[in-house]
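The values are calculated or read from the model by the stated rules, or taken from the named source; none is laboratory data. Quantities reported herein were computed from a predicted structural model and do not represent experimental measurements. All Cβ positions, glycine included, derive from the backbone under ideal geometry; neighbour counts span all protein chains shown.
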Amino acid sequence: MPSPYTFADPRLAKLDGFKVEIDEAHERADIILGRPPYNVVAMPQRDQLRLTFETLDEDPRVRIIVLRAEGEHFSSGGNIGGFMEASPEHVSKLAWNIAAPARCAKPVIVANRGYCFGVGFELSLACDFRIASETTQYALPEQKLGQIPGSGGSARLQKMVGITRTKDIVMRSKRISAKQALDWGIATECVPDAELEKATDKLVDELRSFSPLAQRTAKKLLNDTEDSTLAIAIELEGHCYSRLRQSDDFKEGVEAFNAKRPPKFVGR
């Protein structure tokens with residue numbers, strides 16, 4: 001059964017608007033946004049989320065990290081008043097904090113339902129897998145405030161769907177349904193609302209069946225080569241393949257394949 005996560009870092013002694021649970025039996029940690037009904041993300045919460053991802057990344061009990069929320073909405077976005085109160089220096093770090101899921105070496109799954117706006121969308125875009133309930137609506141509504149996305153949203157989105165669709169979403173503050181997000185390659189999977197938790201659990205178990213080392217390597221390689229030329233990407237892929245060739249997990253994978261049995265990966 002999941003249990004509350006205990007942090008050694010005093011900065012995480014009292015979490016702002018979210019909680020963390022760990023399920024050791026399933027090698028899983030859940031970061032749960034807990035400020036319903038809209039799970040507005042406060043300014044201090046952003047830095048705490050970054051620290052939380054960094055802590056879980058170092059925890060040997062955790063293989064997979066799941067980001068989800070209480071209630072019918074993932075997040076309607078940030079606390080608007082907090083932007084006016086924050087210093088320019090603090091605001092300049094917003095994208096770094098929200099990019100924590102992408103920097104995390106472990107796979108990160110986000111479960112979206114209902115409103116997924118502003119920083120809620122940007123945080124989701126930084127995750128590896130986005131499972132969307134059919135109720136999900138994605139949006140970057142900052143134009144309505146006379147602003148633009150400031151936590152990496154427009155940049156990540158343009159990489160995924162191209163400049164034409166990104167302009168349509170950003171410059172018109174347009175809402176995108178879960179089905180459209182799936183069709184455009186934003187969402188990994190679109191499921192009925194009642195099946196969101198089940199689909200998330202299924203993906204967690206699937207990812208746990210692979211080598212932790214191969215998973216970490218694949219994530220870093222794909223992130224690192226996103227902006228590279230094809231030649232460089234192929235070169236880096238070759239180096240990563242060569243390193244994994246020496247791993248215990250690869251040896252175990254080959255032996256298990258030949259013996260027609262499930263592999264027992266250890267992550268080295």
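Would you pick out the residues in segment 88-139 that are among the aromatic types (Phe, Trp, Tyr) and under 16 Å from Thr200 (Cα atoms)? Working first, answer last.
Step one: of segment 88-139, the residues among the aromatic types (Phe, Trp, Tyr) are 96, 115, 117, 121, 129, 138.
Of everything in segment 88-139, just one residue is among the aromatic types (Phe, Trp, Tyr) and under 16 Å from Thr200 (Cα atoms), namely Phe129.
Can you work out which of the residues in segment 151-186 that are within 15 Å of Cys116 (Cα to Cα) and polar (S, T, N, Q) is surrounded by the most Cβ atoms within 10 Å (Cβ to Cβ)?
Ser151
So, in segment 210-268, exactly how many residues are charged (D, E, K, R), surrounded by fewer than 16 Cβ atoms within 10 Å (Cβ to Cβ) and touching an Asp or Glu at 6+ places or on another chain (Cβ under 7 Å)?
Going through segment 210-268 one residue at a time, the tally reaches 2.
Hey, among the residues in segment 6-31 that are in contact with a helix residue (DSSP H, G or I) (Cβ under 8 Å, 6 or more places away or on another chain) and of a type outside the set (A, V, I, L, M, F, W, C), which one's nearest to Pro60 (Cα to Cα)?
Glu27
Consider Glu54 carefully, then state whether it is in a helix (DSSP H, G or I) and free of Cβ contacts under 8 Å to residues at least 60 places away in the same chain.
Against the criterion (in a helix (DSSP H, G or I) and free of Cβ contacts under 8 Å to residues at least 60 places away in the same chain), Glu54 qualifies.
Looking at Leu196, Leu140, which one is touching a strand residue (DSSP E or B) at 6+ places or on another chain (Cβ under 6 Å), farther than 25 Å from Leu221 by Cα and surrounded by 15 or more Cβ atoms within 10 Å (Cβ to Cβ)?
Numbers: Leu140 fails: touching a strand residue (DSSP E or B) at 6+ places or on another chain (Cβ under 6 Å).
After applying the criteria, what remains is Leu196.
Taking segment 214-236, which residues are in a helix (DSSP H, G or I) and of a type in the set (S, T, N, Q)?
Initial filter on segment 214-236 (in a helix (DSSP H, G or I)): 214-224, 230-236.
If the condition is that a residue be in a helix (DSSP H, G or I) and of a type in the set (S, T, N, Q), then Gln215, Thr217, Asn223 are the ones that fit.
Tell me which residues, restricted to segment 238-268, are closer than 26 Å to Asp224 by Cβ, in a loop (DSSP other than H, G, I, E, B) and out of contact with any helix residue (DSSP H, G or I) (no Cβ under 9 Å at 6 or more places or on another chain).
Scanning segment 238-268 gives a single hit, Gln246.
Listed residues Ala102, Ala126, Ala95, Ala187; which is modelled with pLDDT under 95 and assigned by TED's automatic domain parsing to the domain that holds Ile31?
It is Ala95.
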